[in-house]
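Input: a single structure, listed below in structure tokens.
The values are calculated or read from the model by the stated rules, or taken from the named source; none is laboratory data. Keep in mind that this is a model prediction, so the values were computed, not measured. Glycine gets a Cβ as well: all are built from the backbone with ideal geometry, and neighbour counts include every protein chain shown. The accessibility values were calculated without ligands, DNA or RNA, using every heavy atom of the protein model including side chains. Shrake-Rupley method; radii C 1.70, N 1.55, O 1.52, S 1.80 Å.
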Amino acid sequence: MRMRFSVVLMAICVFGVGSRASAQVAETMMPEQSAAKAKHILDQLVDAMGGQAYLQVRDTDCTGRLAQFEHNGDLSGYTNFRDYWRLPDKNRTEYEVKGAKGGLLGVLIGQIPFKGGTIIELYNGDEGWTMDRGGVSEQPTTNVTDFKEQTKRDIDNVLRFRLKEEGMVFRYGGTDLIDMKQVEWVELVDREDRTFRLAVLQSSHLLARSVVITRDETTRERTEEVTYYGNYHLRGSVMAPLQVERRRDGRRLFQAFFDTCSFDQHFPDDFFTKASLEKKYLEAYSKKDRDKAAKQREKEDRNN
């Protein structure tokens, strides 16, 4: 046992020295060399994800389970969901719930007790709407702003659309060990000073982790958002991570377990519009539910 422990400890120490040496080498590379190395690794990543088939994806349709977390980080349950994208900035997520308050779902429905049914969050560029038992309503401006920011941070959007943006800086960050797997770090900095750090597996060239670092323009407070990717499977000609988890400053935001993912489904033209939600509302809820919701809205309008 002592011998095995010593061997493991030695391996950890040796790798720690190697990681520091790799980082030092990366720091001493000329900017042109560092950028070329970073772009080469990104090319390998795109090829591993499916090459041109991956780059040309515009419509995605994924189903799975979404973990819900309390404010203290404890798991409170799972929600079945279906997530549709028309890249880069149209998203429709449908949740089927039995009733919840708090956690991620509580955020989605504004911390209002919900008796269950279908909730849909839809964003289309500068617009957004929510459909629930109460009907279809406009998303708050802050939610739309947050969504637009997330599309700029989304790594799939970065790889498909943003790498050729003017002012994008590329750097090589050296090798590292993540979950006992060798990775190479690539760092990108965009014109608005977002820093993206991508950990790419040396064995498969797939993405293991992404880190997005931003600073508040007013307070200069630093925010670090880390996304973990795993359980890759080939779906058609594209590799898809079927397990994704995201944390912000150490706090878990969500964890998704995807059952299926398909690409380029060619959704109807009105699929990402308010009209489509109003049609869905008529299908999803009974006349009794709709009449009750209308009376509740009238009562709130009078009180306001």
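As a summary of the residue check, Leu242 satisfies the conditions (1) open to solvent by 90 Å² or more (accessible area, probe 1.4 Å); (2) under 22 Å from Phe81 (Cα atoms) except for the one numbered (1). Per the listing Glu225, Glu166, Glu217, the residue uniquely of a type in the set (D, E, K, R) and either touching a His at 6+ places or on another chain (Cβ under 6 Å) or under 25 Å from Met29 (Cα atoms) (or both) is Glu166.
A count restricted to the range 134-185 and to residues that are aromatic (Phe, Trp, Tyr) and closer than 30 Å to Arg290 by Cβ stands at 1. Exactly one residue out of Leu163, Leu207 is touching a residue at least 60 places away in the same chain (Cβ under 8 Å), open to solvent by 30 Å² or more (accessible area, probe 1.4 Å) and not charged (D, E, K, R), and it is Leu163.
When every residue of the range 149-161 is checked against the conditions, none turns out to be among the hydrophobic types (A, V, I, L, M, F, W, C), in contact with a strand residue (DSSP E or B) (Cβ under 6 Å, 6 or more places away or on another chain), within 30 Å of Phe272 (Cα to Cα) and assigned to a strand (DSSP E or B). Restricting attention to the range 140-160, the residues being open to solvent by less than 40 Å² (accessible area, probe 1.4 Å) and closer than 30 Å to Arg297 by Cβ number 2.
Consider Gln255 carefully, then state whether it is among the polar types (S, T, N, Q) and open to solvent by 70 Å² or more (accessible area, probe 1.4 Å). The answer is no for Gln255. With respect to the stated conditions, Thr223 fails to be polar (S, T, N, Q) and within 13 Å of the chain's Cα centre (by Cα).
Residue selection: Arg197 fails the criterion of being in contact with a strand residue (DSSP E or B) (Cβ under 6 Å, 6 or more places away or on another chain), open to solvent by 60 Å² or more (accessible area, probe 1.4 Å) and free of Cβ contacts under 8 Å to residues at least 12 places away in the same chain. Evaluating Ser137 against the criteria (1) hydroxyl-bearing (Ser, Thr, Tyr); (2) part of a helix (DSSP H, G or I); (3) open to solvent by 30 Å² or more (accessible area, probe 1.4 Å) leaves one unmet condition, (2).
Is it the case that the range 65-88 has a residue that's of a type in the set (Asp, Glu), modelled with pLDDT of 95 or more and under 28 Å from Phe170 (Cα atoms)? The answer is no; no qualifying residue exists.
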